[in-house]
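Working notes, structure below.
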Amino acid sequence: MKEKSFFSILSNLPRLIFMKETRGIALVVIKQLGLMNITKTLFRTVKKTGFIKSIKCILTFKLDDLVANYFASMWDVFGDREAIITGEKRITYKELKDRVLRLANGLQALDLKPKDRFAELLYNGNEFFEALFAGSLIGCPMPFLNWHLKGDDLAGAINRASPKILIFDEEFYDDVVTIKNKLNSVKHYVMVGTKIGKGIILYEDLLFKSPKTMPKISIALAINPYSGGTTGAPKNVNYFDGFGYLVSSTAEKPKISLKEYLTLLVKQVSFTYWFGAHKIKDKKSANIRLLMPSPVYHAASIIGWIPLLLHGATGVAMRNFNSEEFLRLIEKERIGWVFIVPTIIDRLLHLPDDVKNKYDLSSMKSLICGSAPASPELKEAANRFFKERGCKNNVFYEFYGSSETAVVTTLLPEDYEQNPQRLASVGKARCGELMIYNKEEARRCAPNEQGYIFNRTMMTESLKYSGSPEKTKNVFEFVDGVRWFDDGLIGYRDEDGYVYLTGRVKEMIICGGVNIYPNEIERIINNHPEVTDVAVVRAPDADLGECAAAVVQPKKGSTITKEDILEHCRKSGLRGFKIPKIVEFAAELPRHIDGKLVKRELEDKFWKGIERRG
C-alpha cells in the first residue's frame with residue numbers, strides 16, 4: 001500500500017467527493033454539529049495546536065495532535081450539553097472532557113504506552129466511554145470484555161488480548177479475584193466502585209490524583225471488540241487498525257491500496273447516513289438522543305453509540321435491559337436512535353397492552369436492528385408497534401455484518417416501502433462489497449442463485465485476530481487475485497441487488513445428502529401463534545446421517561404438541577427432510593446477549609456419546 005501523505009490523500013479527493021456516501025457523511029456532520037459549531041471547533045483546534053504546527057501536521061500527515069485537539073475542542077464547544085446519562089447521573093461534555101483527560105494521564109502514569117492494551121469489564125455507563133476516549137488519545141486499544149463470561153472463559157478472553165491494565169466494575173470483583181493468578185499480562189487492576197481490595201486501584205481515586213491536562217498524544221481509535229463466540233471461543237478483533245489508520249501513527253497499514261482503503265473507509269462511515277442520522281435533531285438539545293439497551297461491549301452495538309463518539313449525541317445507557325424501562329426512557333429522554341436485536345422487539349410485543357400503551361414513542365426515527373435474523377413478520381410488527389404509539393413513518397432499519405466486517409448491507413424503510421418482498425432481505429451492500437460465490441465451481445453466482453457470502457470492507461482489509469494468526473488466515477478466500485472474507489453464511493442476491501441470508505454453513509444439516517438450512521424451518525415454526533422461540537439443530541440419524549431437530553419454546557400456558565408443530569410445518573409448505581424428525585420443548589432457549597441462539601448447547605445434547613456427526 002502506498003504511504004498515506006497529504007498529496008496522496010489530496011489526489012484521491014476529487015473521486016471521493018463525487019461518491020454519494022461522501023455527500024451523505026457531509027450531510028450528517030452539518031446536521032448534527034451545525035456550521036457554527038463546526039467553525040468554532042476548527043478555530044479552537046488550530047488555536048490549541050498552534051497555526052504553524054497545524055500546517056506542519058497536515059503537510060506531513062502526522063495528525064495525532066490535530067485529532068486530539070479537535071475532540072477536546074468539540075467537547076469544549078458542546079460544554080453543558082448532556083453527553084452520557086446513566087440512571088440519575090447526567091455527565092455533560094465539559095465533565096466528560098475533564099474525566100477523559102484525567103484518566104488518560106492516569107493510565108500513562110501506570111506505564112501504559114502506545115500500542116499497549118487495557119481491557120474493560122464494565123456495564124453500560126460513562127466509565128466505558130471515558131476509557132474508550134482516553135485510550136484513543138494515548139494510542140492504546142481497549143478490548144471489550146463480555147461481562148457474562150466467568151472463570152476460564154473470562155481468563156482466556158483476557159489473555160488472548162494481553163492487556164496490561166484491567167478496568168472493571170466492583171460487581172465483578174469476585175470474578176476477577178478468582179482468575180487473577182491465571183492472567184498473564186495484567187499488571188494493574190482499576191475498579192469502578194468503593195470496595196477496598198488488595199492491589200486494587202479505585203477508578204475515582206485514579207482520576208482525582210491525575211491532572212486534566214492533555215496527555216502525551218498518540219492517536220489510535222481504541223475500539224477493540226470480540227467476535228460473538230456463539231460457535232467457539234470469542235476472537236479479539238482489531239478495529240483500531242481499520243478505523244484508525246487514516247489519522248493514526250500507530251495503526252498498521254491495510255493490505256490494499258490507499259485508493260481502495262479510502263473508498264471502503266467512506267463506505268463504512270456512511271452507515272450513519274443510511275440509517276437516517278441527517279434526519280434526526282432533537283428540538284431541545286439540537287442533537288441525536290440515543291438509547292443503549294444492549295451491552296456496549298458487543299461489536300454490533302457500536303452502531304448504536306457511534307453518534308456519541310463522532311457527532312455530539314446524548315447517550316442514555318441502560319445498565320440492564322427491561323422492556324418497560326426501554327419504553328419509558330424513549331418517552332422521557334426523547335430518544336430518536338437506538339440499536340436493538342430481534343429479541344428486544346419480541347419482548348416489547350409481548351408486554352401487556354396497558355404497559356405498551358402508557359408511552360409516547362413519537363420521538364423515534366431510527367430503530368436499527370442487527371446481530372441476529374429478524375423475520376419479515378417481526379419487522380412489520382416493529383413498525384406497527386411504533387406507529388401505533390406516535391411515529392408518523394416507518395422506523396425499522398436493518399443491517400447485516402459481523403464483528404469482523406462491521407456493517408456490510410443496510411435495509412432502509414424506502415427499500416421495503418417500494419417492494420414489501422424486500423422485508424425478507426437484509427438490504428443492499430451499501431457499506432462494503434459483497435459477492436455470492438459458488439466454491440465448488442469457482443465462479444460468481446448469478447442473481448437468485450444461492451452460494452457462499454464473501455465480503456470486503458474496511459475492516460476485513462485490516463483484520464487480525466489477536467493471538468490467533470492461523471484463524472485469521474483461514475477466514476479468507478482469494479478470487480481472481482482479490483482477497484475476500486468468508487463469513488460462513490449462505491445466501492443469494494436478487495436482480496436489484498438485495499441480499500437474502502438463508503443459513504450458516506456451520507449450522508447446515510446434511511440429511512441423506514440434501515443440504516438443509518435451519519433458517520427457513522425456524523421462520524415457519526416461529527409463525528405459529530403458540531410459539532415464542534425455536535431453534536432447529538442437527539441431530540444424528542442412523543439412516544440419513546443427520547436430521548433436523550426442532551427445540552420449541554412455547555408461550556406460557558400453551559398445550560401445543562409435537563403433532564401440532566409438524567402439521568403447521570406441512571401446511572406452511574415444508575416437505576421431505578425439511579420437516580423436523582425430532583420435536584422437543586423447552587421452557588427457555590439459550591440466547592447470547594446479542595440475541596443469537598447458542599445452538600451448540602442444544603445440539604451437543606443430541607450428539608452426546610457420538611463421535612462423528614453424519
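The values are calculated or read from the model by the stated rules, or taken from the named source; none is laboratory data. The structure displayed is predicted, hence computed values, not measured ones. When we count neighbours, we look across all protein chains shown, and the Cβ atoms used for this are built from the backbone with ideal geometry, even at glycine. Calculation scope for accessible area: heavy atoms of the full protein, side chains included, ligands and nucleic acids excluded. Shrake-Rupley method; radii C 1.70, N 1.55, O 1.52, S 1.80 Å.
When we screen 206, 291 for residues that are in contact (Cβ under 8 Å) with a residue 40 or more places away in the chain and either crowded, with 22+ Cβ neighbours inside 10 Å or within 27 Å of residue 13 (Cα to Cα) (or both), the only hit is 291.
A residue that is closer than 23 Å to residue 220 by Cα, at pLDDT 95 or above, more than 29 Å from the chain's Cα centre (by Cα) and basic (Lys, Arg) occurs somewhere in the stretch 28-45. Residue check: is residue 439 open to solvent by 60 Å² or more (accessible area, probe 1.4 Å), free of Cβ contacts under 8 Å to residues at least 60 places away in the same chain and out of contact with any helix residue (DSSP H, G or I) (no Cβ under 8 Å at 6 or more places or on another chain)? So residue 439 fits the description; yes.
To keep it simple, each residue is scored yes or no on (1) surrounded by fewer than 18 Cβ atoms within 10 Å (Cβ to Cβ); (2) not in a helix (DSSP H, G or I).
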| residue | (1), (2) |
| --- | --- |
| 557 | yes, yes |
| 563 | yes, no |
| 574 | no, yes |
| 595 | no, yes |
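Of everything listed in (1) of a type in the set (D, E, K, R); (2) within 29 Å of residue 257 (Cα to Cα); (3) at pLDDT 90 or above, the single unmet condition for residue 471 is (3).
For residue 434, the test of being in contact (Cβ under 8 Å) with a residue 12 or more places away in the chain, over 29 Å from residue 396 (Cα atoms) and either open to solvent by 10 Å² or more (accessible area, probe 1.4 Å) or not small (Gly, Ala, Ser) (or both) is failed.
Number of residues in the stretch 272-288 that are open to solvent by 10 Å² or more (accessible area, probe 1.4 Å) and either outside any loop (DSSP other than H, G, I, E, B) or hydroxyl-bearing (Ser, Thr, Tyr) (or both) equals 5. Applying the set (1) assigned to a loop (DSSP other than H, G, I, E, B); (2) surrounded by 23 or more Cβ atoms within 10 Å (Cβ to Cβ); (3) of a type in the set (Gly, Ala, Ser); (4) touching a Ser or Thr at 6+ places or on another chain (Cβ under 9 Å) to residue 312 leaves exactly one unmet item: (4).
For residue 234, state whether it is in contact with a Ser or Thr (Cβ under 8 Å, 6 or more places away or on another chain), part of a loop (DSSP other than H, G, I, E, B), under 30 Å from residue 193 (Cα atoms) and not hydrophobic (A, V, I, L, M, F, W, C). Against the criterion (in contact with a Ser or Thr (Cβ under 8 Å, 6 or more places away or on another chain), part of a loop (DSSP other than H, G, I, E, B), under 30 Å from residue 193 (Cα atoms) and not hydrophobic (A, V, I, L, M, F, W, C)), residue 234 qualifies. The residues listed here are 192, 177; of these, the one that is of a type in the set (Val, Ile, Thr) and free of Cβ contacts under 8 Å to residues at least 24 places away in the same chain is 177. Scanning the stretch 1-26 for residues that are assigned to a helix (DSSP H, G or I) and open to solvent by 90 Å² or more (accessible area, probe 1.4 Å) yields a total of 4. Checking each residue in the stretch 265-297 for being more than 28 Å from residue 118 (Cα to Cα) and of a type in the set (A, V, I, L, M) picks out 266, 277, 280, 286, 288.
Sub-7 Å Cβ pairs linking a first residue in the stretch 381-404 that is outside any helix (DSSP H, G or I) to a second residue that is open to solvent by 10 Å² or more (accessible area, probe 1.4 Å) and among the charged types (D, E, K, R), at least 6 apart or interchain, are 389/360; 390/360; 394/417; 395/365; 402/487, ordered by first then second residue.
Considering only residues in the stretch 488-519 that are open to solvent by 40 Å² or more (accessible area, probe 1.4 Å) and of a type in the set (Val, Ile, Thr), the one that is farthest from the chain's Cα centre (by Cα) turns out to be 514.
Residue count for the stretch 31-59, restricted to those that are among the polar types (S, T, N, Q) and over 19 Å from residue 77 (Cβ atoms): 0. If you check residue 366 against the conditions, is it crowded, with 23+ Cβ neighbours inside 10 Å, touching a helix residue (DSSP H, G or I) at 6+ places or on another chain (Cβ under 8 Å) and farther than 24 Å from residue 489 by Cβ? It is true that residue 366 is crowded, with 23+ Cβ neighbours inside 10 Å, touching a helix residue (DSSP H, G or I) at 6+ places or on another chain (Cβ under 8 Å) and farther than 24 Å from residue 489 by Cβ.
I want to confirm something. Restricting to the stretch 379-407 and keeping residues that are within 12 Å of the chain's Cα centre (by Cα) and β-branched (Val, Ile, Thr), which single residue is surrounded by the most Cβ atoms within 10 Å (Cβ to Cβ)? The residue in question is 407.
Checking 577, 585 one by one, the residue that is modelled with pLDDT under 90 and closer than 22 Å to residue 563 by Cα is 577 and no other. Got a sec? Which of 81, 90 is under 18 Å from residue 285 (Cα atoms) and free of Cβ contacts under 8 Å to residues at least 12 places away in the same chain? Exactly one residue qualifies, and that residue is 90. Looking only at the stretch 33-65, which residues are among the hydrophobic types (A, V, I, L, M, F, W, C), in contact with a helix residue (DSSP H, G or I) (Cβ under 6 Å, 6 or more places away or on another chain) and either open to solvent by less than 20 Å² (accessible area, probe 1.4 Å) or in contact (Cβ under 8 Å) with a residue 60 or more places away in the chain (or both)? 57, 63 - these are the residues of the stretch 33-65 that are among the hydrophobic types (A, V, I, L, M, F, W, C), in contact with a helix residue (DSSP H, G or I) (Cβ under 6 Å, 6 or more places away or on another chain) and either open to solvent by less than 20 Å² (accessible area, probe 1.4 Å) or in contact (Cβ under 8 Å) with a residue 60 or more places away in the chain (or both). Residues in the stretch 519-541 that are without any contact (Cβ under 8 Å) to a residue 60 or more places away in the chain and of a type outside the set (D, E, K, R): 521, 524, 525, 528, 529, 531, 534, 536. With respect to the conditions (1) open to solvent by 10 Å² or more (accessible area, probe 1.4 Å); (2) within 14 Å of the chain's Cα centre (by Cα); (3) of a type in the set (Val, Ile, Thr); (4) over 25 Å from residue 68 (Cβ atoms), residue 256 falls short on a single one, namely (2). Among the criteria (1) surrounded by 17 or more Cβ atoms within 10 Å (Cβ to Cβ); (2) under 15 Å from residue 501 (Cα atoms), the one residue 376 does not fulfil is (1).
Among the candidates 60, 86, the residue that is among the hydroxyl-bearing types (Ser, Thr, Tyr) and farther than 30 Å from residue 320 by Cα is uniquely 60.
Scanning the stretch 160-190 for residues that are part of a strand (DSSP E or B) and open to solvent by 40 Å² or more (accessible area, probe 1.4 Å) gives a single hit, 188. Filtered by the rule that a residue be open to solvent by 40 Å² or more (accessible area, probe 1.4 Å) and under 24 Å from residue 607 (Cα atoms), the stretch 542-555 gives 542, 543, 544.
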